[in-house]
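A.B. asks: Have a look at this one.
The values are calculated or read from the model by the stated rules, or taken from the named source; none is laboratory data. Note that the coordinates shown come from a computational prediction; the quantities given were computed from them, not determined experimentally. All Cβ positions, even for glycine, are placed from backbone atoms using ideal geometry, and neighbour counts span all protein chains on display. Ligands, DNA and RNA are stripped out before the accessible areas are found, and what is left, the full protein with its side chains, is counted by its heavy atoms. Shrake-Rupley method; radii C 1.70, N 1.55, O 1.52, S 1.80 Å.
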Amino acid sequence: MKEVELNISRSQEAALATNKVIRNTYSLLSMTLLFSAICAVTTMALQVSQGVGFMMFIGGFIMTFVVRATANSAKGLIAVFVFAGLMGGALGPIISIYLAAYVNGSALVAQALGGTALIFLSLSGYALTTGKNFNFIGGFLFTGMMVVLVAMIANIFMNIPALSLAISSAVIMLMSGLILYDTSRIINGGERNYIMATISLYLSIFNIFIHLLNLLAA
């Protein structure tokens with residue numbers, strides 16, 4: 001009887017821990033996305049150049065390692081906002097290009113934002129409500145990302161528009177899979193650090209927006 005009660009107690013503790021991670025993850029994700037949006041608008045208003053935007057992107061990439069190294073301390077929260085600020089700042093010059101190059105640039109950006117939100121909310125909501133374990137797609141996603149990375153490097157030299165669109169489509173599919181995978185890991189106890197969970201979901205959302213914008217512009 002005591003063993004049964006102990007198992008029930010452990011299950012309840014595990015459920016509470018999972019709910020806490022979910023709550024903290026989505027709260028932090030919301031704040032980092034808002035902060036990124038503010039930084040993007042700021043760099044657009046300041047007319048930051050593409051070169052500076054690229055340097056901010058590189059800085060954001062470097063900060064992912066800092067976030068991972070400090071994720072178990074209070075410094076991790078500071079690092080994740082620095083990361084989000086740099087990524088948002090880098091996004092500003094990119095959006096400015098679409099606004100300047102296309103008559104319906106603002107509509108394209110709005111559609112990309114709406115599409116990204118729809119994809120994320122639908123997939124993450126599905127994983128949360130069903131509780132399904134999507135760990136089995138981890139190997140496929142890793143292989144797919146390696147293939148896409150090689151294709152991206154190759155297209156730098158070949159500069160084939162059709163390949164660029166194919167890459168964007170593949171990235172959106174892979175990032176969608178990652179949203180399911182990451183959300184599933186939170187639910188099923190594979191990820192207990194909400195800072196790590198936040199940065200993973202953030203990167204998926206960021207990549208979906210960039211590549212969806214590329215597809216819509218085509």
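A.B. asks: Within the stretch 135-176, can you find the residues that are among the polar types (S, T, N, Q), at pLDDT below 90 and assigned to a helix (DSSP H, G or I)?
C.D. replies: Step one: of the stretch 135-176, the residues among the polar types (S, T, N, Q) are 135, 143, 155, 159, 164, 168-169, 176.
Checking the rest, the ones that are also at pLDDT below 90 come to 135, 155, 159, 164.
135, 155, 164 - these are the residues of the stretch 135-176 that are among the polar types (S, T, N, Q), at pLDDT below 90 and assigned to a helix (DSSP H, G or I).
A.B. asks: Related question: Name the residues in the stretch 125-134 that are over 18 Å from residue 204 (Cβ atoms) and in a helix (DSSP H, G or I), would you?
C.D. replies: Passing the criteria: 129, 130.
A.B. asks: Quick one: count up the residues across the stretch 106-121 that are under 12 Å from the mean Cα position of the chain (by Cα) and aliphatic (A, V, I, L, M).
C.D. replies: First, the residues of the stretch 106-121 that are under 12 Å from the mean Cα position of the chain (by Cα): 116-117, 119-120.
Right, trim to aliphatic (A, V, I, L, M) and you get 117, 119.
Residues that pass the stated criteria total 2.
A.B. asks: Just to be sure, is residue 112 farther than 28 Å from residue 21 by Cα and loosely packed, with under 14 Cβ neighbours inside 10 Å? Spell out how you get there, then give the answer.
C.D. replies: Numbers: farther than 28 Å from residue 21 by Cα: yes; loosely packed, with under 14 Cβ neighbours inside 10 Å: no.
Against the criterion (farther than 28 Å from residue 21 by Cα and loosely packed, with under 14 Cβ neighbours inside 10 Å), residue 112 does not qualify.
A.B. asks: Just the residues that are at pLDDT 90 or above, farther than 22 Å from residue 194 by Cα and in a helix (DSSP H, G or I), please, taken from the stretch 6-49.
C.D. replies: 38, 39, 40, 41, 42, 43, 44, 45, listed by residue number.
A.B. asks: Would you mind telling me which numbered condition in (1) closer than 20 Å to residue 22 by Cα; (2) assigned to a helix (DSSP H, G or I) residue 73 fails?
C.D. replies: With respect to (1) closer than 20 Å to residue 22 by Cα; (2) assigned to a helix (DSSP H, G or I), residue 73 is out only on (2).
A.B. asks: Right, next: Under 8 Å by Cβ, and 6 or more places apart or on different chains, what pairs join a residue from the stretch 187-203 that is over 15 Å from residue 69 (Cα atoms) and open to solvent by 30 Å² or more (accessible area, probe 1.4 Å) with one that is part of a loop (DSSP other than H, G, I, E, B) and of a type in the set (Lys, Arg)?
C.D. replies: Filtered contacts from the stretch 187-203: no entries.
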